[in-house]
Amino acid sequence: MNEDFRLDPNRELDEVDHKYLELEEKIFCYNPNINTERLRSAYLFAREAHGEQLRKDGTLFITHPLAAAQIIADMELDEDSVIACLLHDTVEDTPVTHEDIAKHFGTEVANLVEGVTKLTRVVYTSKEEEQVENLRKMLMAMAKDIRVIIIKIADRLHNMRTMNYQSAEKQREKALETMEIYAPIAHRLGMQKIKWELEDLSLIYLDPLGYSEITAQIDHRKDKLESFMRKISNAITERMKAVGVKCGVYSRLKHIYSIYRKMYSQNKEFNEVLDLCAFRIIVDTVSDCYNALGQIHDLYNPMPGRFKDYISTPKPNMYQSIHTTVIGEEGIPFEVQIRTWEMHRTAEYGVAAHWKYKEGITATGDEEKFAWIRGLLETQQETDASDFVHGLKVDMFADEVYVFTPKGRVINLPAGATPIDFAYSIHTEVGNHMIGAKVNGRIATYDHILQNGDIVEISTSPSANGPSRDWMNIAKSSQARGKIKQWFKREKREENIIHGKASFDAEMKRNNLSLSDIPDAETLNTCLKKLSFADIEDMYAAIGYGGLTSLRAVNRFREEIVRAVRQHALEERAAQAAQQSQQPRPAPNKGVRGVIVGELDNCLIKFARCCTPVPGDKIVGFITKGFGVSVHRAECMNYLNSGVKGDEDDRWISVSWGDIGSDTYSTSLSIIARDRGNFVLDIATVLSTAKIKITSLNAREIGGGKAMAVVSLEVHSRAELQAAINRLSMIQGVSEVKRPGV
Ligand code: MN
C-alpha cells in the first residue's frame, strides 16, 4: 500500500483530518473492534483519489464522503458500510476502479461502492406518479444489498444539507427527487429520523415561502412552546419518578413538513394546527411502556380515538411504540409516544438498525440480513408498505426489469426482455421501424437481455423492412409478440401465404396426410368454414403471421377427411346392400337360439345386416312385417334414427341374449389404412393368428393414398371381436377400424 495512505504522525493534521478522527472515535465507541488501520487507509485512499476536487461551497470534496460516513456511523453500521461510504464517489468522480477498491478493501466493499455508483447514475426526470413508483422499485432492485440504499440515503442527506450553493434549478430538481424517491424509501425502511430531515430539507427548495412561514411562526412562539415543553416534560418526569418507572423523557417540535402537510391537506392556518409538540418516553421494558401509559392517562385527559398500540401490532416497517394524544391544562393537545430503547433504535434507523455493529457478531449471512425484511412481511398491515416490502427482497423482482429511455423515462418490462420488447413498449411504430439498438451507449443485438437500470436507445428508419419473423421468438412480452404478429398479418400477405403453406404442408406430412386426401371440394370448404376462413390462401396467410397454428389447422383437416371418407364408405356400402337385397335372401346361417324375445315364444329371429350384432352387444328387436323379429345393436343407426319416428315406436321391443352355446356369429369390419403393399395380407395374418374365421376379405383404394378393406368374419362374442379390432388397429398405417351400422 502507498505510504501516503497512512496518517503520518509527523504531518500536521488539517481540519479534514480532524473530522476523520472524530469519525474514528465515534465508530470506536460503538465498535471497539474496528480495524482502525483499514478505516484510515480508506479515508486516505478517498482523500487522495478526490485530491483537490472542490465542492460547490468551496470545501474539499473529501468532506462530503466524510460527512456521509458520519451519518452512517450515527446509525452504528458495520465497518464495510462506513468504508464503502467513504469511498462512495471515487469510482464515479475519480480514476479509481472497482478493481482498485476490491484489491485494497475486498470485494464486499467494492460491490457496495459499485451499487451506490449505479444508483448515482440513475437520472430522475419524470414526475408521473407511476413513474416515481417504478423508479423507487428500480432503485431497490438495483441495490441488491440494502446497505447500498442506506449509503445512498446518507449521501443524499448530506447533499441536501449542503444544497445552498447549488443553482436554483438543481436545488429544485434534487429536492423533488428527494421528496418523491428518497424520503419515501427512508420511510418504508423505517428510517423516520432521516425521512423527516429529508422532507424538511426538500421543502426548503420546493416551497420556500411555505417553509419560511412555518419556521417564522414557530420562531415567533419559540419561548411559549419551549416553556410548554419544559413544563410537560417535568411533570411527566416527576410522575414517573414517583411511581418508580425508570425512563428518559424527551420533547420536540414536530418536523416542519408534517405541519406543512397538515395545513395544506386540512386547509388550516398555522394557528389551527394545535399539536406542534410531541413527547417521547423511553423505558427499559415493554411492561414499563404500559405502566407509563397508565400514568399519562392519569395525568392528562386522553383524546378519544387517538390511542394506538404499535407494540402489540407493529407497523410493517417494524415500528413499535404506543401513541396517545392527550390534552394538558391549557387545552393544548399533544402526542406522547412510549417505547423501549430497542424500539427507539428501530424507529430512528429502521432497517439500518439491523446492520448495527454488534459485538461478537462478525459476519451476517444473507439469511439473517433478510430475516428483518421477512419480519416486515409477516407483520404487514398497510398495503402500500407491504407491496413495497414485497419488492424489497431482490428476487421478488425476478419477474420484472426496469430500464430507461434516453430521456430518463422508466420502462417496466418482463424479466428477460430484449430491445425488441423495449421498442414495442415505446410505440408500435418504433418497433416496426427499428433498425438497431444501443444499450448503455453500446450497440446491442436484438436478443440482448436487458438489465435493471440499462439505458436503451432504439434507432429507427422510415424505410425499415419491418420486424423479422424470428423476433416473435426473441420478444419476451406478449405485447411485443402481439404487435409483431399484427404487422405480419397486415403487411406481408404474400409472404405469409408462402410461409403458412410451407408450415401447413409440413404439418400435414407429419400426420401422413396431404391435400389430395380431401375427397371433394365440399369437404375442403367445410374445413375452411370451421376454421373461419373464406379460402385456403386466407388460412395460409393466418398461419404465416401466427394467427393460427398449422397443428390446429391440420387437426381440423384430419377430422373432416376422416368424416368424409367414412361417409363415402357408408354410402357405398348402402348401395351394395341395396344391390344385394334384390338378390335372393340367404337363410340365416344360425338358428333362432341365443336370443330371448320379450314374452314372445318361438318367434322367428334374424340378425340385422346393417349392424350384425354379436353376443355381448346390447341389442334391441324390431318386429318386421312378416319376417319375425330383426335383432339390431342398440347403437345401430337404424334404431337410433327410428327414435324420432313416433309411429313405429311400438314395433321396437326389448330382447336379450340367451344361451348362446358355442355358436359363432357373422359380422364385419371396415378398415381404413394408408394404401400400401401387404395391407390385406397383414389383416389376414392378424385375424388368423387370433383364430378368427374370415369369410370374405376385400380391399380397394378410396383415393388420397388410402385403402379400405371390408372383412367378414365369425366370432363368438363381442369381447372376441373387440380383441380383433384392437389387433387390427395396431397394423402399420391403419387409421380406423369400424363395425358397421354406426
Ligand atoms: Mn456523494
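The values are calculated or read from the model by the stated rules, or taken from the named source; none is laboratory data. Computed from a prediction, not measured in an experiment: that's the story for all the values here. Counting neighbours? That spans all protein chains shown, and the Cβs are built from the backbone with ideal geometry, glycine included. These area figures cover heavy atoms from the full protein model, side chains too; ligands, DNA and RNA do not enter into them. Shrake-Rupley method; radii C 1.70, N 1.55, O 1.52, S 1.80 Å.
For PRO406, what is the net charge nearby, where nearby means another residue's Cβ is under 13 Å from its Cβ and Lys, Arg count +1, Asp, Glu -1?
In short, +1.
Take the Cβ-Cβ distance between ASN465 and LYS530 as r, set R0 to 35 Å, and report the resulting FRET efficiency rounded to the nearest 0.05. If you can, show how the numbers build up before the last one.
Details: r = 35 Å, r/R0 = 1.00.
The pair ASN465/LYS530 has a calculated efficiency of 0.50.
Can you give me the distance in nm between label points at LYS509 and ALA699, each placed 7 Å from the Cα along the Cα-to-Cβ direction?
2.6 nm
Please give the charge dipole size of the stretch 174-288, origin at the Cα centre, charges +1 on K and R Cβ atoms and -1 on D and E Cβ atoms. Round to the nearest 20 debye.
On the way: 18 positive and 16 negative charges, 92 e Å.
Using Cβ point charges on Lys, Arg, Asp and Glu, the stretch 174-288 gives about 440 debye.
Can you give the direction-averaged projected area of the convex hull of the alpha-carbon atoms in the stretch 480-575, in nm²?
Working: hull surface 25.4 nm².
Dividing the Cα hull surface by four gives the mean projection, 6.3 nm².
Quote to one decimal, in nm, the extra length available between ARG161 and VAL286 on full extension: 0.36 nm per residue of separation minus the C-alpha distance between them. Mind dumping the intermediate values first?
Working: separation 125, 0.36 × 125 = 45.00 nm, distance 3.60 nm.
Length gained between ARG161 and VAL286: 41.4 nm.
With each pseudo-label sitting 7 Å past Cα toward Cβ, what's the ASP520-LYS224 distance in nm, one decimal?
10.3 nm
ALA541: net charge of surrounding residues, Cβ under 13 Å, Lys/Arg +1, Asp/Glu -1, itself excluded?
Numbers: positive: LYS485, LYS489, ARG490, LYS492, ARG493, LYS501; negative: GLU491, GLU494, GLU495, ASP535, GLU537, ASP538.
So the surrounding residues net to 0.
Considering only protein heavy atoms and a probe of 1.4 Å, how much of the accessible area of the stretch 12-68 is carbon and sulfur, as a whole percent? Numbers along the way, then the final one.
On the way: 1430 of 2820 Å².
Looking at the stretch 12-68 in its full context, I get 51 percent from C and S.
Pairs to check: LYS489/LYS509; LYS152/LYS195; LYS492/LYS529. Give those whose C-alpha atoms are more than 18 Å from each other in this structure.
On the way: LYS489/LYS509 25 Å; LYS152/LYS195 13 Å; LYS492/LYS529 23 Å.
As for pairs spanning more than 18 Å Cα to Cα, those are LYS489/LYS509; LYS492/LYS529.
For the stretch 665-738, how big is Rg over Rh, using alpha carbon atoms and the Kirkwood form of Rh?
Working: Rg = 11.4 Å, Rh = 12.1 Å.
With Rg and the Kirkwood Rh in hand, the quotient comes to 0.94.
With every protein chain left in place, what is the accessible area per residue of the stretch 15-165 in square angstrom, probe 1.4 Å? Don't skip to the answer; put the middle values down first.
Working: 5870 Å² over 151 residues.
I get 39 Å² per residue for the stretch 15-165.
If R₀ is 56 angstrom, what is the calculated FRET efficiency for the pair GLU99 and THR313, using the beta carbon separation as r and rounding to 0.05? List each step's numbers first, then the result.
On the way: r = 48 Å, r/R0 = 0.86.
Given R0 = 56 Å and the Cβ-Cβ separation, E is 0.70.
Once R0 is set to 45 Å, what does the formula 1/(1 + (r/R0)^6) return for the Cβ-Cβ distance between SER662 and ASN641, expressed as a FRET efficiency to the nearest 0.05?
Working: r = 34 Å, r/R0 = 0.76.
Efficiency, rounded to the nearest 0.05: 0.85.
Let a ≥ b ≥ c be the square roots of the eigenvalues of the Cα gyration tensor of the stretch 23-77; is it rounded (a/c under 1.5), or, if not, prolate (a/b larger than b/c) or oblate?
Taking the square roots of the gyration eigenvalues as a ≥ b ≥ c, the stretch 23-77 is oblate.
So which of LYS315/LYS407; LYS438/LYS485; LYS26/LYS246; LYS174/LYS308; LYS241/LYS308 end up more than 32 Å apart, counting from Cα to Cα? Walk me through the numbers before you get to the answer.
Working: LYS315/LYS407 37 Å; LYS438/LYS485 24 Å; LYS26/LYS246 27 Å; LYS174/LYS308 35 Å; LYS241/LYS308 24 Å.
Exceeds cut-off: LYS315/LYS407; LYS174/LYS308.
Going by the alpha-carbon gyration tensor, a ≥ b ≥ c the square roots of its eigenvalues, is the stretch 209-359 rounded (a/c under 1.5) or, if a/c is not under 1.5, prolate (a/b greater than b/c) versus oblate? Don't skip to the answer; put the middle values down first.
Working: a/c = 1.80, a/b = 1.28, b/c = 1.40.
Oblate, because a/c is 1.5 or more while a/b does not exceed b/c.
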